1. Could we say that ALA201 is part of a strand (DSSP E or B) and either among the hydrophobic types (A, V, I, L, M, F, W, C) or modelled with pLDDT under 95 (or both) here?
2. In region 97-118, which residues are charged (D, E, K, R) and within 12 Å of the chain's Cα centre (by Cα)?
3. Those residues that are among the charged types (D, E, K, R) and not in a helix (DSSP H, G or I), I need them from region 47-63; list them, please.
4. Give me the pairs, please: first residue somewhere in region 1-24 and open to solvent by 90 Å² or more (accessible area, probe 1.4 Å), second residue anywhere and part of a helix (DSSP H, G or I), beta-carbon distance under 6 Å, and either six or more positions apart or on two chains.
5. With the condition kept exactly as written, say whether any residue in region 178-189 is at pLDDT 90 or above, in a helix (DSSP H, G or I) and under 27 Å from GLU92 (Cα atoms).
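The values are calculated or read from the model by the stated rules, or taken from the named source; none is laboratory data. Remember, predicted model here, so these are calculated numbers, not experimental data. Here the Cβ is made from the backbone with ideal geometry for all residues, glycine too, and neighbour counts use every protein chain on show. Just the protein is used for accessible areas: all its heavy atoms, side chains included, with ligands, DNA and RNA removed. Shrake-Rupley method; radii C 1.70, N 1.55, O 1.52, S 1.80 Å.
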Amino acid sequence: TDPTQRSLAHGEAWLDRYGVVTRGSIVAEDVLGGFALAYKSLATFEEGGKAMRGYLVEGLGAAQFSTPATIDRLRGHQDSDDLVGWPSGTKEPKVYVLAATDPANPYGAALPWPEAGPTRSAGALVVLIDGLLASHLTRGGKTMTTFFDGFPEGVGSEDELLTMVVGALTDVVGVGRMTPLTVEKLNGEAAFKLKNYGAAASPRGAKIGGRTVAAPKRRGRSVAEALEELDSLSFDN
């Protein structure tokens, strides 16, 4: 309940959670006092040598704070404009499914969404591949939007990326962390094409995760069979 202790705890948590604390990260958390109060707390950290202020991530403003150790790690990465392949340099990128509101999702907070539409609303999901935003799903998973156009060259085709997205969602459902999804719209169109990438066919779209239910066995005769049998009858019968 002590304001000083609360500010201290918040400051330490932000530096540990984000590595580089930006205005967008704090605003997304909707903390008491907003960024103005957070800035004062982090400035106090800077005065005490626990944090450093600088222009660390291009395009996110000058009010950025980090620790000396994190800044040294950032200096060890030499990025270039002609980046080809996954940002981390890996050949087998890790894929994560997160709640859109999770602090580990920087999009819509520290980083802008690649295009208008997605929101950090409760129930929405994002799929990140090597830190890049691959897709966003609205609450319940009915609408999926992908953002492959902004990916670097050499990371794979759209087919490969969609397979990774569907596979990650299927794995999360498989371990019981969420219920199966039925995607009805993919980038504004019917989502039936997802069945080519690991989803199951559904009358409303594509079902991701869960067991597919076999069609019930038909009882009795079909209309065609009944008519065929009727044709074979005669008045003698």
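1. Yes; evaluated as a whole, the condition is true for this residue.
2. Keep residues of region 97-118 that are charged (D, E, K, R), which gives 102, 115.
Once the filter is applied, which keeps residues that are charged (D, E, K, R) and within 12 Å of the chain's Cα centre (by Cα), region 97-118 yields only ASP102.
3. To start, the set of residues in region 47-63 that are among the charged types (D, E, K, R) comprises 47, 50, 53, 58.
Hits for region 47-63 are LYS50, ARG53, GLU58.
4. If the second residue must be part of a helix (DSSP H, G or I), the pairs left are ARG23/PHE35.
5. Our first condition is that a residue be at pLDDT 90 or above; within region 178-189, this holds for 178-189.
So of that shortlist, the ones also in a helix (DSSP H, G or I) come out as none.
No.
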